[in-house]
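Down below is the structure, laid out as structure tokens.
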């Protein structure tokens, strides 16, 4: 009984987090593949911001977990 409940809970958590990631991956796959020298400065700033935000969203909780 407990094993089934745990398995169902893990599947629900996987679905909740996996659904937005699948949508983002599909959107990203539809974007044209461009060389960084061909994109505008605004796009470069956007990519840098997105990368920094994703890094912060991953590293901040990890740092809190390790040193907190």
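Condition check ((1) surrounded by 10 or more Cβ atoms within 10 Å (Cβ to Cβ); (2) modelled with pLDDT under 90) across all residues:
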{"position": "10", "(1), (2)": "yes, yes"}
{"position": "14", "(1), (2)": "yes, yes"}
{"position": "29", "(1), (2)": "no, yes"}
{"position": "38", "(1), (2)": "no, yes"}
{"position": "41", "(1), (2)": "no, no"}
{"position": "45", "(1), (2)": "yes, no"}
{"position": "59", "(1), (2)": "yes, no"}
Report, ordered by the first and then the second residue, all pairs with beta carbons closer than 8 Å, sequence separation of six or more or different chains, a first member in the range 36-54 that is under 17 Å from residue 24 (Cα atoms), and a second member that is surrounded by 10 or more Cβ atoms within 10 Å (Cβ to Cβ).
47/39
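The values are calculated or read from the model by the stated rules, or taken from the named source; none is laboratory data. The structure displayed is predicted, hence computed values, not measured ones. Glycine also receives a Cβ, built like all others from the backbone with ideal geometry; neighbour counts cover every protein chain displayed.
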